[in-house]
Amino acid sequence: MAESSKDYFVTTVTEDHDITCWGCGLRLLLPSYAPVFKCGWCGAITNQNVNKPENKWLWGRRLRDRCFVIVLFVFILFVICGGVWAVYPIVFSISYMLGIVNSILTVILAATTVSTFCLSAFRCAGTPPTVLWGSYPDVGKGDLENYTFCHYCSKPKSPRAHHCRSCGTCVLDMDHHCPFIGNCVGASNHRHFIAFLFTAVSSTIYVSIMSTYAALHIWPPVNFTSIRHWNGFNSHIATQAFKEIILAFANSAVQLSARGLILVYLFISSVSLQIGLSVLLWQQLSYIYEGKTYLGHLSSQGSGGDHIEEKDCQNILRFFGCSYSISRYFPSLRNSHKKHTK
Ligand SMILES: [Zn+2]
Ligand SMILES: [Zn+2]
Ligand SMILES: [Zn+2]
């Protein structure tokens, strides 16, 4: 009985499943067919199920990204120039000092928004480190631990990298591909992207406040003809009053000048953008607080969340590169950091 099982084992090994590891080039003998296996020497993972994919529609995705970036850049310039044209004459006519303060604020917000946008859009998102691969003497034991092979780039992909099909390259610590900046958000530009969201939210808040302030000074008088004659309160009167208010505002809005219309447009667009960008910023900060990226969050959901990261303010400080300087002044933060790295 023991001999027959030994025969069975030997036959299986010698018959088939003689496979070469892509990482170190060594030939491996597997006891049975395994579509995914890890090399015992270099640690590289080979997936035999993956066919060499075609990078279809890469030019289409790139064209879409370029268009989005141009549209967003033109919109930012329009808000800056339109805002200056519509708000400044009104603000300077009210108070010269107020005009100077607003000029300084506008220059600071415009410069930071445009520079952080350019940094996140045009900076490389994160290049994975170059490693030696392919031949046994050069690749040491465990050199390619958990590396996989990217069939799009035809080179090793580190466990921290993802391949982006829109950028056509592997990106280190990829968070997501953002079509509005036409770039991936990864290890090299994640901080710039967060800074862009923060400055964009601050700028939209400023634009909405200033456009409201300026519009109130040039809004034509609103005439409520019959409301003042109504006595008492019931649902019919409330409906009538509501209709009258809407009608009165619509009538006065018709008399608005071009400057007034631009102010209304600036207010509506800045408030809508403010809501969208605030939600995105909050979502990004909560992922950083949890110590993961958006893609990491999706994969932890898919795998049932077996890899649980520590939720800690230290994650946010570490992300912005100031964990050491802050922990010097707050010993409690240093203790919590030690606890997590243990
Ligand atoms: Zn290997
Ligand atoms: Zn790749
Ligand atoms: Zn990308």
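Throughout, read-outs are computed from the coordinates displayed, never taken from laboratory work. A quick note: this is a predicted structure, and the numbers were derived from the prediction, not measured. Note that we place each Cβ from the backbone using ideal geometry, even for glycine, and neighbour counts take in every protein chain shown.
A crude spin-label estimate for the pair Cys81 and Cys313, with each label 7 Å from Cα along the Cβ direction, gives 4.4 nm. Working from label points 7 Å from Cα in the Cα-to-Cβ sense, the Val74 to Arg123 distance is 2.7 nm. The listed peptides 33-40, 148-155, ordered by packing as a protection proxy, come out as 148-155, 33-40 (highest mean of other Cβ atoms within 10 Å first). Extension gain, Leu247-Leu285: 0.36 nm per intervening residue step, less the Cα-Cα distance, totals 9.4 nm.
Restricting the range 40-149 to trypsin sites (Lys or Arg not before Pro) that sit in a DSSP loop and have at most 14 other Cβ atoms within 10 Å of their own Cβ leaves Lys56, Lys141. Between His236 and Ser272, the simple spin-label model (points 7 angstrom out along Cα→Cβ) gives 3.9 nm. Each peptide in 248-258, 208-218 receives the mean, over its residues, of other Cβ atoms within 10 Å, and ordering these scores from highest gives 208-218, 248-258.
If I stretch the segment between Ser154 and Val107 completely, what's the gain in nm (0.36 nm per residue apart, minus their alpha carbon distance), one decimal?
Numbers: separation 47, 0.36 × 47 = 16.92 nm, distance 4.61 nm.
Working it through step by step, the gained length comes to 12.3 nm.
Between the amide H of Lys157 and those of Thr148, Phe149, Cys150, distances stay under 5 Å, these residues lying 5 or more places away or on another chain, with hydrogens modeled in the peptide plane.
Give me the number: length gained by fully extending Val50 to Ala34, i.e. 0.36 nm times residue separation minus the C-alpha to C-alpha distance, one decimal in nm. Walk me through the intermediate numbers first.
On the way: separation 16, 0.36 × 16 = 5.76 nm, distance 1.30 nm.
Fully extending the segment from Val50 to Ala34 adds 4.5 nm.
For Gly134, the shell of other residues with beta-carbons less than 15 Å away shows a net charge of +1, using +1 for Lys and Arg and -1 for Asp and Glu.
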